[in-house]
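Scroll down for the structure; my scribbles are underneath it.
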Amino acid sequence: MSPGALRPIVAAVLCHPRLWGTALHQARLLTPRGWWRRAPFLPVPAADYVRFRLVTQYGSADAPVSATDVLNYVAWCHAQRAAR
């Protein structure tokens with residue numbers, strides 16, 4: 001996932017303040033250790049993980065990530081954490 005692909009996702013999450021904490025928590029969980037040592041020098045999930053998720057969700061590793069799908073995922077994570 002390119003850094004430019006993150007902009008609409010970040011913008012979508014910023015529009016939902018109740019999901020900010022969950023989004024940050026999930027980002028922390030999915031970000032590999034030592035991310036600052038490897039390009040693109042951003043705290044993004046590992047490329048292998050993103051590729052796996054794209055194939056399992058959309059059927060292709062080249063599919064664009066939908067901001068709506070990311071919001072649905074973060075909302076689901078939020079509900080799961082609240083249910084505990």
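Tabulated data
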item	result
The chain - convex hull of the alpha-carbon atoms, volume per residue in Å³	99
Charge dipole (debye, nearest 20) of the chain; +1 at Cβ of Lys and Arg, -1 at Cβ of Asp and Glu	360
Cβ-derived FRET efficiency at R0 30 Å, residue 50 paired with residue 24, nearest 0.05	0.95
Residues 30, 71 arranged by fewest to most Cβ contacts within 10 Å	30, 71
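The numbers here are math on the coordinates, done by the rules we state, and not lab data. Only a predicted model underlies this, so the values are computations on that prediction, with no experimental measurement involved. Virtual Cβ from ideal backbone geometry, glycine too; neighbours counted across all protein chains shown.
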